[in-house]
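All of the numbers you see were taken from the coordinates with simple rules; none came from a lab. Model, not experiment: these values are computed from the prediction. In this analysis, Cβ positions are derived from the backbone assuming ideal geometry, glycine residues included, and neighbour counts consider all displayed protein chains.
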Amino acid sequence: MCGIVGAVAKNDIVTTLLNCLQCLEYRGYDSSGIAVLEAPQVLRRLRAVGKIDNLRTALQDFPLAGKVGIVHTRWATHGAPTEANAHPHFSQNEIAVVHNGIIENYYELREELQGAGYEFHSETDSEVIAHLIHKYYQKTHNLLQAVHLARQCLSGMYAIAVIHASEPNRLIGVRQGSSLVVGFGENGHFIASDCVALTSVAEEFIYLQEGDLVDIYDTQVVIYDNECQLVEREQQILHFSSEAIERGVYKHYMQKEIFEQPYAVANTFAECLHSNLISDGTFSVAAKELFPKVKRIQIVACGSSYYAGLVARYWFEAIANLPCRVDIASELRYQKTVIEPGTLLVAISQSGETADTLAVVRQAREVGYLAWVAISNVAASALMREADLAFLTHAGIEIGVASTKTFTTQLVVLFLLSITLGEYNGLDEQRALQLTQALRNLPAQLEQTLVLDAVLQKLAKKFITKQHALYLGRNICYPIALEGALKMKEISYIHAEAYPAGELKHGPLALVDENMPVVVLLPKDELVAKMESNIKEVQARRGEVIVFADSSLDCSELGDVMVIKMPEVIKEVAPIVYTLPLQLLAYHTAVQKGADVDQPRNLAKSVTVE
Ligand code: F6R
């Protein structure tokens, strides 16, 4: 969480830094701040509670100017979102630091530094970094050495950017567990939490590796590893189309990203499918050796990615004939589990930065997994770079905090993976072809669901006055009920719960009355009759039922329910298709409630802390 940017430039950099920071607002948006070196020994800062626009407004009254600076957008962990807790943090008006991550031993360090006479002005864990660097600067009079010494005292995960009033052309960054990239631009050199922030100022980038320290001095960029040894890192040229990061005709990024799904899904399978056969290179050459050895699957993820994993469990078991277990990363990392020989660990994370998911995969070899596969939307993320096999979802940049196209494209990859593993495990060739054909049909079917937009906008009116909503699904669509409820919760703040429909009478039915909208997913499968009984149970308690039903089903017997006709699809791909209308329903509800759709309260897009 939190986003940081820093620069050493040829011209005034304040506006550029803020523009870059705005691209990182998805990482946190409860306060922001800037520090610049206006002249040697003149370090100034401004901080504001709330979004970056508040900082822009504050800068109109207290303008800053300088060629060297650092900026930060915060997602609070230690200490409330107040101005005092906002970054940059100073030490003695000489050092300014911005920090993304968590310093686990901050309490001990704070006591030690207080004992040495340092005064603290915030409740954050981050402020210790500034004072610690100051302490070592007193001894070394060299910022590079001071940062190097200070980092050896820090435990936890962090990316930091540091400037010093006495070293006016220098910016130092450290990557230790949280991402940091270096961007090379015409007007100077930059560091940032994500290269998305630097698309307008740089085309060449270096993704720092774990433990790297970058020293930007004037126009020079030098990188050291954890041991302070000089290292060379590969410089990459990346081109970002401005379309990818602009909202275009859409009111919100989330809306744009929902509507991009037919294309994102097609893009994700495009390179893998040739005449409905999954091409050999799809899961890399190493997969050919590895996949025949796979005897079972362990999936690990958080949030929506975990729900994608729950859908995939059905695919791995039914298509690939492999036993599969799915766990939430924050649970699995502290759990003693029995890992059977031949278990493939599959880690799913749209950001590729989620701290808990990374913690699980980093223990993978030690605890005995056969290998681990990463599925992410960010090619340069730690998850993708460290994996034995990495599969990129080609969703394109997702800016809305709630995941939409990254979720459906994760499902596409998991579906392909289950067919590929199935091929090593007795999956019939004709069945494999039927499944890949179903995948090919998806973009058109997703387009059909988007036509429901106006209907769902109208339906949302029913939800805006409600406090609660219930989502029901069964089997492979139960995780989609979970995902639909999560979308509703996180952007509209309506309490939405999902249940496997068969569980209804074991408790949640007690909640149903005329104030409870109940969303039911009714794809065409062998459980239709069971679902119809569940709908009747809700109707008998005067619950208001909204059914998303396969168009080939005759729903006339359901009586007084709202039926939304979905495209006819085979049950295996229903989870992908049924996701979209639930996203739209949540989106329109949130818009009509006046909520901040792209940046829902208390959340952030990449969860780099535990
Ligand atoms: C919900 C959402 C979150 C993420 C979760 C895991 O819309 O986006 O629940 O799915 O924070 O994040 P990743 O996938 O980046 O590991």
*Which whole-number percent is the relative contact order of region 15-70 (Cα, under 8 Å, 6+ apart)?*
38
_Relative contact order [Cα under 8 Å, 6+ residues apart], the chain, whole percent_ = 12
*What list of ³J(HN,Hα) couplings, whole Hz, do you get for region 584-592 from phi and the Karplus terms 6.51, -1.76, 1.60, once you set θ to phi - 60° and write x for glycine and proline?*
5, 4, 5, 4, 5, 4, 5, 4, 5
_Apply the a/c threshold of 1.5 to the C-alpha gyration tensor of region 443-508 and tell me whether it is rounded, prolate or oblate._
oblate
*Which ³J(HN,Hα) values, rounded to whole Hz and listed in residue order, are derived for region 318-331 from phi using the Karplus coefficients 6.51, -1.76 and 1.60 in 6.51 cos²θ - 1.76 cosθ + 1.60 with θ = phi - 60°, glycine and proline given as x?*
7, 9, 9, 6, 10, x, 9, 10, 10, 9, 6, 4, 5, 8
*Would you mind pulling out the separation of the Cα centroids of region 509-530 and region 410-427, in Å?*
30
_Pairwise over distinct Cα atoms, reciprocal of the mean inverse distance: report the Kirkwood radius of region 3-240 in Å, one decimal place._
17.2
*Computed E for residue 220/residue 430 - FRET, C-beta separation, R0 56 angstrom, nearest 0.05*: 0.35
*Can you tell me how much longer the chain between residue 210 and residue 169 gets when fully stretched, taken as 0.36 nm per residue apart minus their C-alpha distance, in nm with one decimal?*
12.3 nm
*Taking all pairs of different Cα atoms in region 556-606, averaging 1/r and flipping that mean, what Kirkwood radius in angstroms comes out?*
13.8
_Stretch gain in nm, segment residue 274-residue 318, where the contour uses 0.36 nm per residue and the Cα spacing is subtracted_ = 13.5 nm
*In nm, what is the difference between 0.36 nm times the number of residues separating residue 510 and residue 467 and their Cα-Cα distance?*
13.9 nm
*Under 1.5 on a/c is rounded, so check that first for region 323-379, then, if it is not, pick prolate when a/b is larger than b/c and oblate when it is not; a ≥ b ≥ c are the square roots of the alpha carbon gyration tensor eigenvalues.*
prolate
*Could you bin all the Cα-Cα distances of the chain into 10 Å bins starting at 0 and give me the percent of pairs in each, rounded to whole numbers?*
3, 17, 25, 24, 17, 10, 4, 0, 0
*Classify region 247-450: rounded, prolate or oblate, from the alpha-carbon gyration tensor (a ≥ b ≥ c, eigenvalue square roots; a/c under 1.5 rounded; otherwise prolate if a/b is larger than b/c)?*
oblate
*How would you rank 316-322, 339-345, 70-76, highest first, on the average number of other Cβ atoms within 10 Å across their residues?*
70-76, 316-322, 339-345
*C-alpha center-to-center spacing [region 573-610, region 226-263] in angstrom*: 19
*Rounded to the nearest Å, what's the spacing between the alpha carbon centres of region 355-404 and region 2-64? Just the number, please.*
31
*Expected-Rg normalisation [2.2 N^0.38 Å, Cα atoms] applied to region 487-610*: 1.16
*Highest to lowest packing among 408-414, 46-52, scored as the average C-beta count within 10 Å*: 408-414, 46-52
*Can you tell me the FRET efficiency between residue 560 and residue 108 if r is taken as the Cβ-Cβ distance and R0 is 51 Å, rounded to the nearest 0.05?*
0.20
_Residues of type lysines that residue 51 reaches as a straight line, Cα spacing below 16 Å, ignoring anything fewer than 8 places off in the same chain_ = 605
*Counting alpha carbon pairs within less than 8 Å and at least 6 residues apart, what relative contact order, in whole percent, applies to region 451-598?*
31
*Before rounding to the nearest 500, sum -39500 (n - 2.57) across all DSSP H runs of length at least 4 in the chain and divide by the residue total; then give [θ] at 222 nm in deg cm²/dmol.*
-10500 deg cm²/dmol
